[in-house]
1. Compute the distance from the alpha-carbon center of segment A:250-293 to that of segment B:149-216, in whole Å.
2. If the viscosity is 1.306 mPa s and the temperature 10 °C, what translational diffusion coefficient in µm²/s does Stokes-Einstein give for chain A when Rh comes from Kirkwood over Cα pairs?
3. Among the lysines, select those whose C-alpha is under 24 Å from the C-alpha of B:LYS239, and discard any that sit fewer than 8 residues away in the same chain.
4. Straight distance only, please: which lysines reach the Cα of B:LYS152 with their own Cα at less than 19 Å, same-chain residues fewer than 8 apart left out?
5. Given charges of +1 on the Cβ of Lys and Arg and -1 on the Cβ of Asp and Glu, with all other atoms neutral, how large is the dipole of chain A about its Cα centre, in debye to the nearest 20?
6. Work out the charge dipole of chain A with +1 on the Cβ of Lys and Arg and -1 on the Cβ of Asp and Glu about the Cα centre, then indicate which of A:GLY133, A:GLY69, A:THR32 is farthest towards its positive end.
7. Could you give the C-alpha radius of gyration of segment A:143-197 expressed as a fraction of 2.2 N^0.38 Å, taking N as the number of residues it contains?
8. In whole Å and largest first, what semi-axes does the C-alpha gyration tensor of the protein assembly as shown yield when each eigenvalue is scaled by 5 and square-rooted?
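Computed from the coordinates by the stated procedures, all read-outs in this text should not be read as laboratory data. Just so it is clear, the model here is predicted, and its values are computed rather than measured. Backbone-built Cβ (ideal geometry, glycine too); neighbour counts: all protein chains shown.
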Amino acid sequence: MKLGRDLLLFGLVLLLGTLPFFGEAYTLRLGTFACMYAIMAVSWNVIGGLAGYPSFATAAFFGLGAYAGGVLLAKGAALLLALAFAGALAFGGAMLLGAVLLRLRGHYFAIASLAVGEVLRELTNTATNLTGGGMGLNIPLGAMTGGILGEATFHFLAMWGLLLLALAVVVWIERSKLGFGLACIRQNESAADMIGVNATLYKSLAFAFSGVFVAMAGTLYAAWVHYIEPPDVYDILFAVKPIVMALLGGLGSTVGAVLGAFVFLGIEEVVWRNYLQVHTGVLGFLVVVLLLFLPHGLVSIGRRLRTGRAPA
Amino acid sequence: MTELMKLDAVSRRFGGLQALQDVSLTIGRGEVLGLIGPNGAGKTTLVNVITGVHRASGGTVIFEGRDITRLRPYQTARIGIARTFQVVQPFPELSVLDNVSAAALFSNTGVGVREATRFAREQLQFVGLAAMADKPASSLTLAMRKRLELAKALAMKPKLLFLDEVNAGLNSAEVEQAMNLIRQIAGGGVTIVLIEHLMKVVMSVCSRIVVLHNGALIADGTPSEVVADHHVVEAYLGKKYAQTATAGA
């Protein structure tokens, strides 16, 4: 059953990859956002869903990746190099930081992880020489053929490819010894310690894996929009939205995280288009309603239908 | 009997409370040692210090000739020290089998998932939980959870096994079963430290008993020596009773 789920997941995402064949610039832009959100939700699920540590550090990783990659791109580095650098920086930083932050549990960890983004934002603001500070950072247009549509296709495919990579790694984690250990830690950390799980290492790894792909998505985002500024990429909403998406889809489920991201983006787009003035309010209301009536997320609908049909 | 573990003047303070005070003790290989004492005497704290949950404030813990005082819990788990918890600690969402497999997988380096699962099944068979293997751990009764706890500890292939009140809350038939299991485990060559309130169990299973009182070791000897010890009677029943008992004798 688990295998079927994973196949469904990859099928869904592969299907999304055909978008350039019949998409226009707007649909491609939406598709790029869908992939970016899915990367964030799937990544958050590693630390929040598998390890049970509610992290608000997604915005920090995203901003760090956007700036680390963006600065390199602005200096003329190749995109792949910028991606690798951003990913490595986020992974290494999260390993080090995780060993300290993950000593805190529950709300304390949530607040500490929230602070990481704020600290990085201030650092970025202050390091004017490197990042342009509050004036933002311009990333030159790469030599791109095919005009607007060609560029949109390229950025969509890049984000989509990164989503596939993130999914492959996360599905592997779920099935590996690391995933098993994280499940033990989530359910009872002191008992996990007692049977020989190196909890500090495992939690730090989970934190690092929740950051690496988000940071790379940040770099792609910077290359895509050509101009970034601290309030944009360190936006607190980037920390909150992935959590809502994961909850919407079903906590702890990777398929759920992807579904949640897509559905969330759909709702967001519709609401934003029709209720420009109060769209965050309407969006919040919808999320509350969904969580009230579907507390175990979208993935539980199937289960519910099955048990509903079965004789009581 | 060769020495497996040696505690040398182990102490532990919690703020102003001296939970353990200069505890020195040798545990021989293959022994079944009873660790008894009134509530709050420091029995569980001693296990926590040995397994690395709490740092010792003073003293050293030697295991197989190696100083393990500063090791963390996951490290002591990997060198062959296992424990069961007084309050059972299953992974509630995992199946019974996965609970035990996890213990086999993470405590023994170089063991694959397949081998861990096979070994876990053997342990479940041994403690009599094979029929429950695929049920979630949260669905077990207390007596079954205690046996699951035991299977988890055994899956770690321990050299030294701490059993912290495995019989608390069980009825007499269940206690009888548990005692049989303990005898079989000891027969298999595992050194056992049994922390227990039920004197019937301690007296019949243990070859030697040590008594903790207010964090200090007050007696060490064979079961019959210990129950006759003046200090032990005093610790359990009070000074007044001890005096009358001695006077009457």
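1. 54
2. Values: Rh = 20.0 Å.
The diffusion coefficient I find is 80 µm²/s.
3. Of all the lysines, those that pass the test against B:LYS239 - Cα under 24 Å, at least 8 places apart if same chain - are B:LYS43, B:LYS200.
4. A:LYS177, B:LYS135
5. On the way: 17 positive and 13 negative charges, 200 e Å.
It works out to roughly 960 debye.
6. Positive-end residue among those listed: A:THR32.
7. Details: Rg = 19.7 Å, N = 55, 2.2 N^0.38 = 10.1 Å.
Against the empirical 2.2 N^0.38 Å value, I get 1.96 for segment A:143-197.
8. Details: eigenvalues 636, 134, 79 Å².
Working from the Cα gyration tensor, I get semi-axes of 56, 26, 20 Å.
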